[in-house]
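The values are calculated or read from the model by the stated rules, or taken from the named source; none is laboratory data. The structure displayed is predicted, hence computed values, not measured ones. Neighbour counts are summed over all protein chains in view; Cβ atoms, including those assigned to glycine, are modelled from backbone coordinates with ideal geometry.
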Amino acid sequence: MSQREPLFAGLIYNEEGQPVQVAQVGRDICYAIPDGDFLRHVDAIDVDRQVLAHLKERFLPLKDVLVEGAMRMMGADDPFTRAALEMGLERMDQLLEPGAVNVEDFRLALWMSGFRVIVNVHGEVVRVIIPGLDEVGE
């Protein structure tokens with residue numbers, strides 16, 4: 001694909017649990033959401049933005065805990081690493097920029113963690129499932 005790859009391809013499901021596919025309609029990259037015997041095509045970038053907004057909403061209140069955990073895992077204890085991690089959380093929407101992240105590795109890590117996104121037939125995010133964080137954040 002010459003355009004930006006959908007960030008959450010393979011991680012999105014409709015409300016019935018059916019996987020959402022990626023499709024190209026003209027020049028647009030879409031998520032094809034099963035709706036009975038029909039596929040509803042929604043711009044992938046719109047869904048990806050919703051997911052990132054939801055993640056940012058969930059992560060920012062836990063910023064201190066997440067940053068501390070990441071710093072322990074990295075063995076870092078300096079203000080520059082802390083600032084970089086905090087900035088990364090605050091600027092999560094930059095993940096949509098081409099080349100900002102290795103999309104395949106990003107998706108694989110999310111898939112391995114059990115991460116899932118549930119959307120309705122209009123492409124509106126109904127729920128983001130983050131195993132391990134659901135118990136902490138709710």
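Quick check, is VAL22 closer than 14 Å to GLY123 by Cα, free of Cβ contacts under 8 Å to residues at least 40 places away in the same chain and touching a Pro at 6+ places or on another chain (Cβ under 9 Å)?
So VAL22 fits the description; yes.
How do the pairs read when you match residues in region 56-79 that are at pLDDT below 85 with residues anywhere that are part of a helix (DSSP H, G or I) and surrounded by fewer than 12 Cβ atoms within 10 Å (Cβ to Cβ), using Cβ under 7 Å and keeping only pairs 6 or more apart or on different chains?
If the second residue must be part of a helix (DSSP H, G or I) and surrounded by fewer than 12 Cβ atoms within 10 Å (Cβ to Cβ), the pairs left are LEU62/VAL136.
I'm trying to understand the selection: among the residues of region 77-94, which are hydrophobic (A, V, I, L, M, F, W, C), out of contact with any Lys or Arg (no Cβ under 8 Å at 6 or more places or on another chain) and surrounded by 10 or more Cβ atoms within 10 Å (Cβ to Cβ)?
The answer is ALA83, ALA84, LEU85, MET87.
Between residues in region 101-114 that are under 16 Å from GLU5 (Cα atoms) and residues that are assigned to a helix (DSSP H, G or I), which pairs lie under 7 Å by C-beta distance while being six or more apart or on different chains?
Listed pairs, sorted by first residue: VAL101/LEU95.
Go through (1) part of a helix (DSSP H, G or I); (2) surrounded by 11 or more Cβ atoms within 10 Å (Cβ to Cβ); (3) in contact (Cβ under 8 Å) with a residue 60 or more places away in the chain for ILE118 and report which single condition fails.
(1)
Answer with yes or no whether GLU97 is within 14 Å of the chain's Cα centre (by Cα), surrounded by fewer than 15 Cβ atoms within 10 Å (Cβ to Cβ) and closer than 16 Å to VAL22 by Cα. Explain how you work it out, then say what you get.
Values: within 14 Å of the chain's Cα centre (by Cα): yes; surrounded by fewer than 15 Cβ atoms within 10 Å (Cβ to Cβ): yes; closer than 16 Å to VAL22 by Cα: no.
No: the conditions fail for GLU97.
Which condition does GLY123 not pass, out of (1) touching a helix residue (DSSP H, G or I) at 6+ places or on another chain (Cβ under 8 Å); (2) at pLDDT below 85; (3) not in a helix (DSSP H, G or I), if it passes all the others?
Status for GLY123: all satisfied but (2).
ARG40 is checked against (1) surrounded by 13 or more Cβ atoms within 10 Å (Cβ to Cβ); (2) without any contact (Cβ under 8 Å) to a residue 24 or more places away in the chain; (3) more than 17 Å from the chain's Cα centre (by Cα) and fails just one. What number does that condition carry?
Single failed check for ARG40: (2).
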